[in-house]
1. Scan region 31-48 for residues that are in contact (Cβ under 8 Å) with a residue 60 or more places away in the chain and surrounded by 13 or more Cβ atoms within 10 Å (Cβ to Cβ) and jot them down.
2. Against the definition (polar (S, T, N, Q), modelled with pLDDT of 90 or more, under 30 Å from residue 78 (Cβ atoms) and assigned to a loop (DSSP other than H, G, I, E, B)), how does residue 340 come out, yes or no?
3. Among the listed residues 197, 184, 121, 150, identify the single one that is under 28 Å from residue 267 (Cα atoms), of a type in the set (Phe, Trp, Tyr) and free of Cβ contacts under 8 Å to residues at least 24 places away in the same chain.
4. Can you tell me which residue in region 263-288 is farthest from residue 319 (Cα to Cα), limited to those that are touching a helix residue (DSSP H, G or I) at 6+ places or on another chain (Cβ under 8 Å) and not in a helix (DSSP H, G or I)?
5. Does region 78-91 contain any residue that is closer than 30 Å to residue 133 by Cα and part of a helix (DSSP H, G or I)?
6. Output the residues belonging to region 160-169 that are out of contact with any Lys or Arg (no Cβ under 8 Å at 6 or more places or on another chain) and either of a type in the set (A, V, I, L, M, F, W, C) or in a loop (DSSP other than H, G, I, E, B) (or both).
7. Quick one: in region 100-159, which of the residues that are assigned to a loop (DSSP other than H, G, I, E, B) and small (Gly, Ala, Ser) is farthest from the chain's Cα centre (by Cα)?
8. Looking at 18, 51, 28, which one is surrounded by 15 or more Cβ atoms within 10 Å (Cβ to Cβ) and not basic (Lys, Arg)?
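The values are calculated or read from the model by the stated rules, or taken from the named source; none is laboratory data. In this text, all values refer to a predicted model and were calculated from it rather than measured experimentally. Note that each Cβ is placed from the backbone with ideal geometry, even for glycine, and that neighbours are counted across all protein chains shown.
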Amino acid sequence: MSDSAAFKAEIEAKLAAGERLTFEDGVGLYEIDDLAWLGRLAHQVRIDKNGDRTMFNVNRHLNLTNVCSASCSYCSFQRKPGEADAYTMRVEQAVALAEQMKDDAPTELHIVNGLHPTLPWRYYPRVLSALKETLPQVNLKAFTATEIQWFEKISGLGLDRILDELIESGLASLTGGGAEIFDWEIRQHIVDHDCHWEEWSGIHRAAHNKGLRTPATMLYGHIEDPKHRVDHVLRLRELQDETGGFSVFIPLRYQHDFHDSQDGKIRNRLQPRTTMASPAESLRVFAVSRLLLDNFDHVKCFWVMHGLDVAQLAQSFGADDLDGSVVEYKITHDADNYGTPDKMSREDLLELIRDAGFQPVERNTHYEIMREYDPPESLAERRARPQSVQF
């Protein structure tokens with residue numbers, strides 16, 4: 001038996017026995033040259049946990065400001081004070097945008113911002129309260145751990161006080177951003193702020209202890225190696241063992257090829273050192289993550305960063321959630337020319353999921369089921385037809 005065949009047999013035996021995979025197993029899964037086999041294993045885990053259902057929600061994104069004190073090397077969203085397209089919304093402007101969202105009947109508003117150097121701390125709970133008053137039925141999923149740490153810095157308040165005030169103002173969940181890659185070997189080259197693994201995990205631990213369930217993310221496809229990805233997800237797995245507070249894991253594909261239509265300035269300083277993960281590599285990330293994260297209920301494919309073809313295929317490589325309707329996700333759309341649409345309607349998402357051979361299920365931020373839709377007429381027939389994808 002070849003080394004590859006022996007490794008595959010060992011992994012299959014571990015999964016059949018319910019045995020947890022190790023760091024070495026994870027690295028080996030990235031090295032194995034059999035994507036179909038890997039997808040088949042991950043798909044079985046996905047089916048065991050969630051059946052043929054693929055979740056989505058009707059959500060909107062709102063970025064209150066793109067002004068940021070940090071200059072992370074991969075980020076083309078951030079602007080410095082005084083730049084032509086730098087902006088900061090007044091509370092009244094954010095409310096006016098929320099008013100325009102009512103007709104779409106979203107269940108979630110996703111809010112992520114730059115680390116603004118002069119906005120006062122009180123602005124943030126005030127804007128949450130105003131948005132919640134405008135959209136009382138909408139869950140406010142807001143702020144990365146990096147932003148929470150920034151709020152501690154600019155307010156002088158402790159973490160517990162910050163979280164309590166935000167929850168009182170309507171916060172339903174943190175976002176999972178700011179995680180990027182936790183290993184310092186890579187992290188020191190990609191981020192320009194002080195929120196690292198110890199701080200990121202401590203903030204999410206505190207949020208979980210207050211009853212919030214939060215997402216977790218990983219930015220992949222830049223200068224990291226597979227071992228850094230495995231280390232990243234195993235840290236999350238260990239924290240999930242402790243708190244049980246993560247609702248979903250979201251691999252985020254680093255965006256390399258882009259133009260900034262506003263000023264033509266290239267802000268991504270990693271660009272000379274990177275390309276971008278191929279669709280095949282993205283599917284591998286989903287599959288390996290699904291196999292390693294045995295204590296996570298859900299794995300999400302954020303279609304904006306992966307493209308619609310990969311989003312369909314990812315559902316057969318471990319992913320059981322496609323995020324939502326989104327609308328104007330500036331952090332990615334300011335960074336790429338990849339061609340994903342600004343918005344997917346509920347009907348678009350239903351078609352995307354059914355066309356891949358899965359049953360659409362609409363959820364809210366807390367992964368509570370809002371509505372189950374009819375599945376495709378024949379899952380077996382749909383899966384028998386090849387799907388095209390640009391590799």
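1. Across region 31-48, the qualifying residues are 35, 38, 39, 41, 42, 43, 45, 46.
2. Considered against the rule, which asks whether it is polar (S, T, N, Q), modelled with pLDDT of 90 or more, under 30 Å from residue 78 (Cβ atoms) and assigned to a loop (DSSP other than H, G, I, E, B), residue 340 comes out as no.
3. Answer to the selection: 184.
4. Among those residues, the one meeting the criterion is 270.
5. Among the residues of region 78-91, at least one is closer than 30 Å to residue 133 by Cα and part of a helix (DSSP H, G or I), which makes the answer yes.
6. Result: 162, 166.
7. In this case the residue turns out to be 156.
8. None of the other options fit; the residue is 28.
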